[in-house]
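Right, one structure below, let's go through it.
The values are calculated or read from the model by the stated rules, or taken from the named source; none is laboratory data. For clarity, every value in this text was computed on a predicted model and none was experimentally measured. Positions of Cβ are backbone-derived with ideal geometry, glycine not excepted, and every protein chain shown enters the neighbour counts. Heavy atoms of the whole protein, side chains included, go into the accessibility calculation; ligands, DNA and RNA do not. Shrake-Rupley method; radii C 1.70, N 1.55, O 1.52, S 1.80 Å.
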Amino acid sequence: MDRSMNKIVIVTRKTRLKELIYKYNTLEQAKFYIEHMGVDFSDYIKEDQNYSQAVKQVTEIAGHYARVQEIDREFVPNMIFGKHDVVIAVGQDGLVANVMKYLNGQPLIGVNPDTARWEGILLPFETGQLPELLPKVLCGRYSAKDITMAEAATKDEQRMLAVNDLFIGCKTHASARYDITWNQSKENQSSSGIIVSTGLGSTGWYKSIMTQAKKMAEIFQCGQIAEPSISWEDNQLVFVVREPYPSRSTQANIVYGRISQKDTLRIISKMPTNGVVFSDGMEEDAITFYAGTEVKIGIAKKKGRLVV
């Protein structure tokens, strides 16, 4: 294999400071806004400096081993990754998830740019570990976890992958209206939307929903909720209906389920406007879910590969 054809793609994201400057045009205006709100602006400066330094170090180290391309995460959906590329995400856990679903088996390395600030469950490496790690990854001698992803597919062949979770519902605070079919059961529902979580995403949005359910069970003395865990590589998903509302025309019996490869979860929209399906918190990259649209939820055939 000609390793000279490889490249290392470094994916970055804008810091809070860069986002503020983009919004307010200058550093001075951004500083005035933040301090006017009574917030310490120096923390924004420090975060940006630490991040910029980490990206610089990663770029310099990577340049010793292969060609390097740096790209902001907003351009990742349109990026064409080479078969033998190595991808490094420098940021927070969410950046790793956002990048992984656009890869096709390429190894993904999560680098924590600021260990004092970010816990980094998906960021097992620091910049100082890259000189030892990168040669191994480029030669294929590395350890990795295969990450199970969820997939949403419509009848008109729109598809969306999720590393953490899918949201199916209304993009505003209005109630979502839809028909839901879970294996052999079907009902008309009105709710705040449906969350479909992977094993990797079970510590995110799904966890917050289950935390509320467990606390409510405790308050009403209904006993503990025994919740089986799902590992990152398990071929399972779990769905939860948020705040289902029972009425004369809507039901609330299908509220939770574990999805294996043999299970069927289908949702048909009854919303004339504002219906969406998005993944991993990326609302700007969504499938329109208007009345009549049917979406099928299942386990994606493609797996993510996270270097560990």
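A few points about this structure:
- Whole-Hz ³J(HN,Hα) from phi, Karplus 6.51 cos²θ - 1.76 cosθ + 1.60, for the stretch 92-99, glycine and proline x: 9, 4, x, 5, 4, 5, 5, 7
- Residue-wise HN-Hα coupling along the stretch 39-45, computed from phi with Karplus coefficients 6.51, -1.76, 1.60 (Hz; x: Gly, Pro): 9, 6, 6, 4, 5, 5, 5
- Per residue, the chain exposes 54 Å² of solvent-accessible protein surface, assessed with a 1.4 angstrom probe and all protein chains in place.
- Over the chain, Cα pairs under 8 Å with separation of 6+ residues give a relative contact order of 19 percent.
- Length added when fully stretched, Thr250-Asn6, from 0.36 nm per residue minus Cα-Cα: 82.4 nm
- Fully extending the segment from Asp40 to Glu233, taken as 0.36 nm per residue of separation minus the present Cα-Cα distance, adds 65.4 nm.
- Highest-first arrangement of 209-222, 268-281, 97-110, where packing means the average Cβ count within 10 Å: 97-110, 268-281, 209-222
- Computed from backbone phi, the HN-Hα couplings of the stretch 250-266 come to 10, 10, 9, 9, 8, 10, 7, x, 9, 9, 9, 5, 8, 8, 10, 10, 10 Hz, rounded to whole numbers (Karplus: 6.51 cos²θ - 1.76 cosθ + 1.60, θ = phi - 60°; Gly and Pro given as x).
- Between Lys145 and Asn25, the FRET efficiency estimated from the beta carbon spacing at R0 = 35 angstrom works out to 0.25.
- Sorting Tyr245, Tyr33 on solvent-accessible area from highest to lowest, probe radius 1.4 Å, gives Tyr245, Tyr33.
- Beta bridge orientation in the chain: antiparallel %, DSSP, nearest 5: 75
- The GluC sites (Glu not before Pro) of the stretch 55-139 meeting both criteria, a DSSP state outside H, G, I, E and B (loop) and at most 14 other C-beta atoms within 10 angstrom of the site's C-beta, are Glu119.
- Modelled spin-label separation between Asp156 and Asn188, with each label point placed 7 Å from Cα along the Cα-to-Cβ direction: 2.5 nm.
- Report summary: the helix-based calculation at 222 nm, which adds -39500 (n - 2.57) for every DSSP H run with n ≥ 4 and divides by the residues of the chain, gives -7500 deg cm²/dmol.
- Fraction of accessible area attributable to carbon and sulfur, the chain (%, probe 1.4 Å): 49
- The stretch 275-300 and the stretch 93-134 have Cα centres separated by 27 Å.
- Under the combined filter of DSSP loop state and at most 16 neighbouring Cβ atoms within 10 Å, the stretch 115-178 retains these trypsin sites (Lys or Arg not before Pro): Arg117, Arg141, Lys155.
- Rg/Rh for the chain, where both radii come from Cα atoms and Rh is the Kirkwood radius: 1.01
- Contact order for the stretch 1-68, expressed relative to its length and based on alpha carbon pairs under 8 Å spaced 6+ residues apart, stands at 48 percent.
- Nearest 10 degrees, 0 to 90: helix 205-219 Cα axis against the chain principal axis: 50
- Counted over all Cα-Cα pairs of the stretch 65-142, pairs farther apart than 17 Å make up 45 percent.
- Annotation: amide H-H contacts under 5 Å for Met149 (H modelled 1.01 Å from N, sequence separation of 5 or more, or interchain): Ala300, Gly304.
- Extension gain from Arg258 to Ser208, taking 0.36 nm per residue of separation minus the Cα-Cα distance: 16.3 nm
- Under the criterion of Cα pairs below 8 Å and six or more residues apart, the relative contact order for the stretch 76-137 equals 32 percent.
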